[in-house]
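Derivation of every value follows stated rules applied to the coordinates shown; laboratory data play no part. Keep in mind it's a predicted model, so treat the numbers as computed, not measured. Every residue, glycine as well, gets a Cβ built from its backbone with ideal geometry; the counts of neighbours run over all protein chains shown.
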Amino acid sequence: MGGPAATALRAPSVWRRDKGMTLGVALLGTMVICALFAPLLGTVDPTAINPVNRLKPPSAEHWFGTDMVGRDLYSRVIYGARVSLIVGLSVAALCALAGLAIGLVSGSIRQLDGVIMRLIDAMMSIPPVLLAIALTALWRGSLVSVIVAVTLAETPSIARVVRGTVLSLRELPYVEASTAVGASMMRIILVHILPNTLPALLVQASYVCASAMIVESILSFLGAGIPPSIPSWGNIMADGRSLWLVLPQIIFFPAAFLSITVLAVNLVGDGLRDMLDPRQMK
Amino acid sequence: MLGLVVRRVLAAVPVLVLVGLIIFSILYVAPGDPAVVIAGDRASAEEIAQVREALGLNKPFLLRFVEWFWRVMQGDLGLSVFHGTPVSELILDRVGPTVSVMLMTMLFSVVIAVPMGVLAAWRAGGLTDKLVVGLAVIGFSVPVFVFGYILAFIFARELQWLPVQGYKPLSEGLWPWLRSLILPSVTLSTLYVALIARITRATLLDVLEQDYIRTARAKGAGQFTILFVHALKNAGVPIITVIGLGVALLIGGAVVTESVFAIPGLGRLTLDAIAMRDYPIIQGVVLVFSFSYVIVNLIVDLLYILIDPRIRY
């Protein structure tokens, strides 16, 4: 544990070297600020309809223009950051917890490993977007149902990574030594194995976060995600689908925000991976 | 070798059954009455009762699953709520455009991404390498439909080189068919190119450090031969694995890409089914895509045996 923890503590010097990660943190920070302080950033009510002002191009009053019922696009896009970040972060956290539990059990208990891994293989044979569609189509859209559906679709990948790490850790001499001195299995798992799965878990969770944001936007874009009343980037793009040849900004502003946010999360994930280098763990 | 092939094919059977079980179970673990879901929103009490009878909800769960799975294996995916026709017919009607787009995407991606990865590994740390790695990060971050709109904006709206939307079947001629496929395939390939280029680069970096590459250099083999013949051959297995695994992303992307370009494929069918709350269609599409994915990866595993005689299960 000394290795990666010490690397993490030396973070400032790593940041100076890793421009990608610095950029990622800066962009992600900006999006978090947008989400937290949305009401203070010159926005109006993102759901306020004003048919007189519909389909306006960008102007001083409406920075990104208005949509087909006269809602202010800038406000909708800024508020949309909330949905994306809430979905991304909660899915990543839930998947990390569930994946950690499943991975630890599967990696430590031989009798259960076969069954769990077959189930995980089968879950991973269903493309995540489709699994999420099959679930949200049943539940009717809500923020919670999207989060649960995407969590179910993304958990197997984390469980698999954790299990792989557990299996390789089990072979290490210090684990063998603990067994030899009579440590209980529970103690070995919780004290010796669990902390060392965390770097790989953290890196994988960051990729799940990025993937969850994309899946949420796809679901909302297809009409199987967040209810249309909530401004999410996928919903705004779905609204613009029939109008984009005339008013491309309805698609492009939310698209740019979504892409930048996912890029930021991916850059942070790559940075974490380089910083915690799982190869050193083997 | 035949034994190997048979064993690998048989190993796919339990996976298919489990995939079927998961998709079947979704309907029953979700809150609400499955009969109401299958019958659709506008069904009368009588229709719901009929569906309940047909679903056999009074039978034990496993028995219901076995009966359902048996029907699925015979190509019976149930009836669409909205159309009233068999889901399998609707899927067969729409499968052509989707398969066309996906095959074209795979072809295009492999042709572009493998040389990209090889060149990046050859000049590791150089400008080409940084460019490829950077493009891969962007490919992973920009959602496919966003790429779709950007490409459509440039090549269809502004330059007017290609059709904005729509699909022409092969029966209307090769060129119209290809023309209608270019934008959707390039769109869909962004993520796939990123995936393949990245794994090609990573694998080749490992391979290029091996002794036999040094030997090849020593005996005077040209740079091109070393990279594309000696090295690429040994990097084949991981690359093909990723091509197979990436099909899952391709399937997810295809659904959205079709709705961007108004292609009447399975993605469009799914989109309409979501809007109509036509669950039997959604279940059927998910099932067909997942089974295809398992079979694609089975084929990939069989290819290993062909290209790499060291592999033994």
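Descriptive notes on the structure:
- Cα shape, the protein assembly as shown, gyration tensor, a/c 1.5 rule: rounded
- Helix B:87-122 and the longest principal axis of the Cα set of chain B meet at an angle near 20°.
- Mean Cα-pair separation over length for chain B, i.e. relative contact order, pairs under 8 Å, 6 or more apart, %: 26
- Rounded to 10°, Cα long-axis angle of helix B:61-73 versus longest principal axis of chain B: 60
- Taking amide hydrogens as placed 1.01 Å from N in the peptide plane, the amide H of A:Arg71 sits under 5 Å from those of A:Asn50, each at least 5 positions away in sequence or on another chain.
- Long-range HN-HN contacts of A:Gly225 with modeled amide H, under 5 Å: A:Ser220
- Among B:Leu271, A:Leu130, sorting on how many other beta-carbon atoms sit within 10 Å of each Cβ, with the fewest leading, yields B:Leu271, A:Leu130.
- Computed over chain A, the per-residue total of -39500 (n - 2.57) for DSSP H runs of n ≥ 4 gives a 222 nm mean residue ellipticity of -23500 deg cm²/dmol, rounded to 500.
- Assigned charges on the beta-carbon of Lys, Arg, Asp, Glu; the protein assembly as shown dipole about Cα centre (debye): 1440
- What separates the Cα centres of the range A:84-134 and the range A:186-256 is a distance of 17 Å.
- Backbone amide hydrogens, once placed in the peptide plane, bring B:Leu79 within less than 5 Å of B:Val87, excluding anything fewer than 5 places away on its chain.
- Inter-centroid distance (Cα atoms) of the range B:279-298 relative to the range B:47-88, Å: 17
- Residue among A:Ser242, A:Ser75, A:Ser84 with the largest mean-square fluctuation in a Gaussian network model of chain A, springs linking Cα atoms under 10 Å: A:Ser242
- Exposed GluC sites (Glu not before Pro) absent: longest stretch of chain A, with sites in DSSP loops and at most 14 other Cβ within 10 Å deemed exposed: A:172-282
- Within straight-line reach of A:Lys56, meaning a Cα separation under 14 Å, sit the following aspartates and glutamates at least 8 residues removed in sequence or on another chain: A:Asp67, A:Asp72.
- Couplings 3J(HN,Hα) of the range A:221-227, computed from phi: 4, 7, x, 10, x, 4, x Hz, in residue order, whole Hz [Karplus 6.51 cos²θ - 1.76 cosθ + 1.60, θ = phi - 60°; x for Gly and Pro].
- Degrees, to the nearest 10: A:128-139 long Cα axis against longest axis of chain A: 70
- Neighbour counts of other Cβ atoms within 10 Å put A:Thr43, A:Thr179, A:Thr66 in the fewest-to-most order A:Thr179, A:Thr43, A:Thr66.
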